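Only the coordinates and a few stated rules stand behind these numbers; no lab work does. Predicted model only: the values in this text are computed from it and were never measured. So basically every Cβ, Gly included, is an ideal-geometry build from the backbone, and we count neighbours across all protein chains shown.
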Protein chains: 2
Amino acid sequence: MNLLKPIQQQKISDQVFEQLKELIFRGTLKPGEKLMPERVMADSMNVSRTTIRNAIGRLVTMGLVVHKQGKGTFVAMPDPKRDNPFALAMTAQNASIYDLLEVRMGLECVAAALAADRADDADISAMTQSITEMEKEVQAGRLGTEADTSFHMAVAYATKNQLHIQVMKNFYDYLFHGIRESLHFLYEDAQNIQLILDQHKAIMTAIVNRAPEKAYEAMQQHIEFVKEFFKQREK
Amino acid sequence: MNLLKPIQQQKISDQVFEQLKELIFRGTLKPGEKLMPERVMADSMNVSRTTIRNAIGRLVTMGLVVHKQGKGTFVAMPDPKRDNPFALAMTAQNASIYDLLEVRMGLECVAAALAADRADDADISAMTQSITEMEKEVQAGRLGTEADTSFHMAVAYATKNQLHIQVMKNFYDYLFHGIRESLHFLYEDAQNIQLILDQHKAIMTAIVNRAPEKAYEAMQQHIEFVKEFFKQREK
DNA sequence: ATTTATTAATGGTAATACCAATTTTGAAAA
DNA sequence: TTTTCAAAATTGGTATTACCATTAATAAAT
């Protein structure tokens, strides 16, 4: 039976939510702009504040608006991080940079070891290129952050593990857009860059020599170095 | 000034949210399972239903639970079609079980070592419970896959690394779902299950004894065992 | 035993009051 | 006048209570 389609009983909060979402997506409500106070909005829409808060709450967890007690609710600034899964996870769980480094430690050390087994000529040449590129950048007075990333991605590709590659792509995409500021401190010091370059070379050497354990350790020391840097800096 | 650290004024709804999320992540609340009615949950937590609804509302928009008016609130089934935070679903199709195990090797071994440093009583008891649960399941003639996952998530939680927890949750939700059939072969053999149980116990013992290296190795052997099983089976 | 009406259970909305953080206001002090 | 600072007004967060809407469970009628 049931030839009749059910009248889609959309919840009231759904409708409010849709309206607000539209306003934000269309740009009628611009980033940084303040929303109406909940009480006013409830009044002008003839619904309860409860419902309004429900709708806005969804926008908050979606990261489209932010609540500020005592101030109001504001449209969130368009944030490249928002599209990045890692960034979302980081902010949602308010993870620290150490959390990040620990996860990297797990992923990249094993990756380095695998790379030592599986890297082919193309992989090696990609690593080499990343290193010389980084040297050039530094010589030119720039920070070699992109070349740095390239090196690590080259290692990832050398594992031939599609899943690992995908994960690392997400990771470094975030490192770029997400914590660029934090990393600047690391790159500011020319001494650090030289050390990083040496560490990269050590990793590559181990990979070229088909020495998985060495590669593992070299990567470990590399990440440990970064971790120590931030630890020192905290004081 | 500001020598005083800000008392992290976490909202009540935040705390409720965290508790519920943890129950779901750990697998204590299994997919499809019904949550307590809001009213009794509010009562047993000594907060208002308003706050409970706020917390649950977040879980809903995150897709972890679903509301059904008149019926209740239920833990959502992990849905591959759903947007997963790390966009790994597509990769999971092409990824081999070895790819998965390699990435796990990196993440979980380091995690085990960290857990040995940081696990508290609650973590230990969660691991114990997962192990006994798995034993009970096996005794009853069922496969203890869920308890197995719970154990690994317990280790993840013991790291206190929020990012790692998030990553592992997604791994188990989306990736292992794709190779569930394959895993059946592993669990079919009672002998294997016993070995897996022993390995879990070894991991936990190392963690209890605060022996990071041992924990690392125990986890390594555990994953290596699974890998070897599938390798043998290919022939 | 089947069907139907009633009741209970449970999420959704409303209304009101008060708490907590922030801004604004306005009077007192300089 | 300008600055300071305390009181009041704003605004999001939580609590309470009541009632609506949907579904499941139960009792009553056939």
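Below is a table of values for the structure above.
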item	result
GluC sites (Glu not before Pro) within the range B:13-65, DSSP loop, no more than 16 other Cβ atoms inside 10 Å	B:Glu33
Reachable aspartates and glutamates from B:Lys214, criterion Cα separation under 12 angstrom, eight or more residues apart if same chain	B:Asp117
The range B:12-75: relative contact order in percent, alpha carbon pairs under 8 Å with at least 6 residues between	42
Spatially proximal lysines relative to A:Lys30 (Cα-Cα < 19 Å; intrachain offsets below 8 disregarded)	A:Lys21, A:Lys68, A:Lys71, A:Lys81
Radius 12 Å from Cβ of B:Asn192, net charge of other residues (Lys, Arg +1; Asp, Glu -1)	-4
Exercise: per-residue mean of other protein chain Cβ atoms within 10 Å, A:51-57	2
Charge sum, other residues only, whose C-beta stays under 15 Å from A:Pro212's C-beta, Lys/Arg counted +1 and Asp/Glu -1	-3
Computed FRET value (nearest 0.05) for B:Glu234 with A:Lys34, which takes r as the C-beta separation and R₀ as 41 Å	0.10
Karplus-derived 3J(HN,Hα), 6.51/-1.76/1.60, for each residue of the range A:104-121, Hz, glycine and proline x	4, 3, x, 5, 7, 5, 4, 4, 4, 5, 4, 4, 4, 7, 10, 4, 9, 4
Per DSSP, loop trypsin sites (Lys or Arg not before Pro) in the range B:105-173 with at most 15 further Cβ within 10 Å	B:Arg142
Measure of compaction for the protein assembly as shown (Cα Rg per 2.2 N^0.38 Å)	1.07
Crossing angle, helix B:12-26 versus chain B [Cα axis fit, 0-90 degrees, rounded to tens]	20
Shielding score for B:59-72, defined as the mean number of other chain Cβ atoms within 10 Å	1
Relative contact order (%) - chain B, alpha-carbon pairs under 8 angstrom, separation at least six	21
Nearest-ten-degree value, helix B:212-234 long axis tilted from longest Cα axis of chain B	60
Cβ neighbours within 10 Å from other chains - mean over A:106-119	3
Per-residue ³J(HN,Hα) for the range A:160-170, Karplus 6.51 cos²θ - 1.76 cosθ + 1.60, θ = phi - 60°, Hz, x for Gly and Pro	6, 9, 4, 5, 4, 4, 4, 4, 5, 4, 4
